[in-house]
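The values are calculated or read from the model by the stated rules, or taken from the named source; none is laboratory data. Note that the structure is predicted; figures quoted are calculated from it, not measured. Here Cβ is always computed from backbone atoms with ideal geometry, including for glycine, and neighbour counts include all displayed protein chains.
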């Protein structure tokens, strides 16, 4: 069996690690295609070697977020490799391009993180999730809610609840991160903030979010996406003395920092669930989230861009006394491999 995996950014590369290892153990031939949607120095050979991540067989180096540019290049690789299955992760434009390419090449598609919905169709990620789920033959869901969503939408593919592959990556890499990148201050003595989504990095939303952070008194480490930093500087947005803007951090650096924070304030989808697994309360700088269960159990608070709500939520944020298991038990990769072996016909 041959699987062609499409990844386009660092989170997808990290997610692919545990599943790639499971493919190797099961004797499944995997071809990894990195679209180059996001260039990241952390995807260097050193990073690959240190964390045991799969080396891409194809580096398309497209350096674009346009799925119309990526699709034909991925399609060419599919025709060259003739895989039994194309596999995509999440909700990026690389995910969308990979899904469209699989349809164009008439190769079955598997979608990891299928069925997630925020309910906000203004988000390109939400529109991508819906389209990819309509194209996928195998829909690997992180929880029962996402499976029920697919059933309600009448998805034609086969939904399977497997858990979240990122849970495996998080448990594997967080201890390595803390050992390799010790933090320069006491654990739980600071906050971490990240803002990168397009809707949040322009005025007036960016200014309102920073106003909320400025009202707090604790040290805030704010690794800034280049676009975010550019807007802060061009708009003359002032940061409080306790808000420390830094350059973007590597995956391991951010994992070490975030896993030892008192609170994480973010608009990142991935960081919301990682915060839960780290045992760190999260305040989400968005009006909605696809990771609804973290809100329902009291570990995550939605505040949008309201400065008052940001100040209040961060100030009182705590983890619930009991933390139920969310998004699986850390064995998603093994379940996915078992389902592929049981489902895919022999060549």
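Brief remarks on what is shown
- Residue identified as more than 18 Å from the chain's Cα centre (by Cα), outside any loop (DSSP other than H, G, I, E, B), at pLDDT 95 or above and under 30 Å from residue 293 (Cβ atoms) among 86, 31: 86
- Scanning the stretch 266-317 for residues that are touching a residue at least 60 places away in the same chain (Cβ under 8 Å), farther than 23 Å from residue 121 by Cα and surrounded by 23 or more Cβ atoms within 10 Å (Cβ to Cβ) gives 274, 310, 314.
- Within the stretch 96-106, the set of residues being in contact with a helix residue (DSSP H, G or I) (Cβ under 6 Å, 6 or more places away or on another chain) and either surrounded by 24 or more Cβ atoms within 10 Å (Cβ to Cβ) or assigned to a loop (DSSP other than H, G, I, E, B) (or both) comprises 96, 97, 98, 99, 101, 105.
- Test: residue in the stretch 47-61 that is part of a helix (DSSP H, G or I), at pLDDT below 95 and touching a helix residue (DSSP H, G or I) at 6+ places or on another chain (Cβ under 7 Å): yes
- Some residue of the stretch 306-318 being closer than 24 Å to residue 11 by Cα and assigned to a helix (DSSP H, G or I): no
- Lone unmet requirement of (1) at pLDDT below 95; (2) surrounded by 19 or more Cβ atoms within 10 Å (Cβ to Cβ); (3) more than 19 Å from the chain's Cα centre (by Cα) for residue 327: (3)
- Residue match in the stretch 311-323 (condition: under 19 Å from the mean Cα position of the chain (by Cα) and at pLDDT 95 or above): no
- The condition of being within 27 Å of residue 188 (Cβ to Cβ), in the same structural domain as residue 306 (by TED's automatic domain parsing) and in contact with a helix residue (DSSP H, G or I) (Cβ under 9 Å, 6 or more places away or on another chain) does not hold for residue 235.
- Per this entry, residue 147 is not counted among residues that are touching a residue at least 60 places away in the same chain (Cβ under 8 Å), closer than 22 Å to residue 16 by Cα, assigned to a helix (DSSP H, G or I) and in contact with a strand residue (DSSP E or B) (Cβ under 9 Å, 6 or more places away or on another chain).
- Search result, residues across the stretch 1-28 that are touching a strand residue (DSSP E or B) at 6+ places or on another chain (Cβ under 6 Å), surrounded by 21 or more Cβ atoms within 10 Å (Cβ to Cβ) and not in a helix (DSSP H, G or I): 3, 4, 5, 6, 7
- Pair list, Cβ under 7 Å, 6 or more apart: the stretch 323-335 residue within 11 Å of residue 142 (Cα to Cα), other residue at pLDDT below 90 and surrounded by fewer than 19 Cβ atoms within 10 Å (Cβ to Cβ): 330/171
- Residues that are outside any loop (DSSP other than H, G, I, E, B) and over 22 Å from the mean Cα position of the chain (by Cα) within the stretch 188-204 comprise just one, 190.
- Qualifying residue in the stretch 216-226 (condition: outside any loop (DSSP other than H, G, I, E, B), surrounded by fewer than 20 Cβ atoms within 10 Å (Cβ to Cβ) and not assigned by TED's automatic domain parsing to the domain that holds residue 118): yes
- Any hit, the stretch 59-75, residues being in the same structural domain as residue 130 (by TED's automatic domain parsing), in contact with a strand residue (DSSP E or B) (Cβ under 8 Å, 6 or more places away or on another chain), under 20 Å from residue 129 (Cβ atoms) and buried (at least 21 other Cβ atoms within 10 Å of the Cβ): yes
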